[in-house]
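A short write-up of the structure that comes next.
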Amino acid sequence: SSGLLFGEALSKMTSLPADFYGISRRGKIAEGNYADLVLLKDSNVSKVFVDGELVFDHGVFQDIYPGKVLT
């Protein structure tokens, strides 16, 4: 309803804020970047990856804690 294309909206929520705040290797899916991804299926979260590690899979949390808190 905002008139933005999906890719434009995604960029405004990911790469643009990371660039604005000078957070390197975040906000874009690219080799060498940190991979924090959420996969949706039918508007439901199916998988979550943090630093490229699967931490949530179809309703089940894995017993791993990758990543770091950004300050």
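The values are calculated or read from the model by the stated rules, or taken from the named source; none is laboratory data. Everything numeric here is computed off the predicted structure, so don't read it as measured data. Note that each Cβ is placed from the backbone with ideal geometry, even for glycine, and that neighbours are counted across all protein chains shown. Just the protein is used for accessible areas: all its heavy atoms, side chains included, with ligands, DNA and RNA removed. Shrake-Rupley method; radii C 1.70, N 1.55, O 1.52, S 1.80 Å.
Inter-label distance, residue 45 to residue 6: 2.0 nm, where each label sits 7 Å from its Cα along the C-beta direction. With all protein chains in place and ligands, DNA and RNA left out, the 1.4 Å accessible area ranks 71, 14 as 71, 14, largest first.
Residues 45, 55 ordered from highest to lowest accessible area at a 1.4 Å probe: 45, 55. The residues of the chain have, on average, 83 Å² of accessible surface per residue, using a 1.4 Å probe with all protein chains present. Distances between placed amide hydrogens fall under 5 Å for residue 55 paired with 48, 49, 50, all partners being 5 or more residues away or on another chain.
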